[in-house]
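The values are calculated or read from the model by the stated rules, or taken from the named source; none is laboratory data. The shown structure was predicted, so the numbers you read here are calculated from the model rather than taken from an experiment. Quick reminder, even Gly has a Cβ in these numbers, built from the backbone with ideal geometry, and neighbours come from all protein chains shown. Ligands, DNA and RNA are stripped out before the accessible areas are found, and what is left, the full protein with its side chains, is counted by its heavy atoms. Shrake-Rupley method; radii C 1.70, N 1.55, O 1.52, S 1.80 Å.
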Amino acid sequence: MRHAVNAGDEPTAIDAVSAPDAEGKPRRTTRRFPRITRDTARPEGGGRAAPGDAPAPARQWPILTVLSAVGLGLLLTALDVFRYGMILIGAALLAGAVMRWTLPSVGMLAVRSRFTDMLTYGVLGVAIVLLALMAQPDPLLEIPFLDDTLHFTVR
């Protein structure tokens, strides 16, 4: 089906159409995604974390806090304090998840929806902390079924 426009008449839909375009003419529907995205909603909470008259670093303090802690953790790891550096990195991600949950506006820390960001930061933070606690030599945390799994696969 197609659409027809007679002089002085309202457009009539002859085939499946979607909302009118900028000129008011109905457009064909398509299941394809557009090549160029024209308008996307920014993530919930993606506004400034401080007023607009504050300097740029102050407006983005949540992401700067997380990145600073991750940078310090990487520095500790490079200085051969592996376990504490990795625990700090995991704790920074967990802090990012908590900030994403509690603060109404977190600036660039908001990447996706609030739930997806919290889930991503939380799962990665917990995984990094657990792996750091289980790292050899002298693990601080031992999980018995993992040792059994290694027994059958590696040893």
Residues of region 62-71 satisfying the condition of being of a type outside the set (Ser, Thr, Tyr) and surrounded by fewer than 16 Cβ atoms within 10 Å (Cβ to Cβ): LEU67, GLY71
Count of region 76-132 residues which are hydrophobic (A, V, I, L, M, F, W, C) and touching a Pro at 6+ places or on another chain (Cβ under 7 Å): 6
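Of the residues ARG114, ARG83, which single one is among the basic types (Lys, Arg), touching a Phe, Trp or Tyr at 6+ places or on another chain (Cβ under 8 Å) and in contact (Cβ under 8 Å) with a residue 40 or more places away in the chain?
On the way: ARG83 fails: touching a Phe, Trp or Tyr at 6+ places or on another chain (Cβ under 8 Å).
The unique qualifying residue is ARG114.
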Index of the failed condition, ASP53 passing every other in (1) in contact with a helix residue (DSSP H, G or I) (Cβ under 6 Å, 6 or more places away or on another chain); (2) surrounded by fewer than 19 Cβ atoms within 10 Å (Cβ to Cβ): (1)
Region 84-116, residues that are crowded, with 17+ Cβ neighbours inside 10 Å, farther than 24 Å from GLY52 by Cα and not hydrophobic (A, V, I, L, M, F, W, C): GLY85, GLY90
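Checking the conditions here, which among LEU131, LEU119 is closer than 25 Å to LEU146 by Cα, modelled with pLDDT under 95 and open to solvent by 40 Å² or more (accessible area, probe 1.4 Å)?
On the way: LEU119 fails: modelled with pLDDT under 95.
Step by step, each of LEU131, LEU119 is checked, and only LEU131 is closer than 25 Å to LEU146 by Cα, modelled with pLDDT under 95 and open to solvent by 40 Å² or more (accessible area, probe 1.4 Å).
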Flag if LEU74 is open to solvent by 70 Å² or more (accessible area, probe 1.4 Å), in contact with a Gly (Cβ under 7 Å, 6 or more places away or on another chain) and either free of Cβ contacts under 8 Å to residues at least 40 places away in the same chain or farther than 28 Å from ARG42 by Cβ (or both): yes
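Take the conditions at pLDDT 95 or above, under 19 Å from PRO43 (Cβ atoms) and out of contact with any Asp or Glu (no Cβ under 7 Å at 6 or more places or on another chain) and apply them to GLY85. Does it pass?
Values: at pLDDT 95 or above: yes; under 19 Å from PRO43 (Cβ atoms): no; out of contact with any Asp or Glu (no Cβ under 7 Å at 6 or more places or on another chain): yes.
No, not satisfied.
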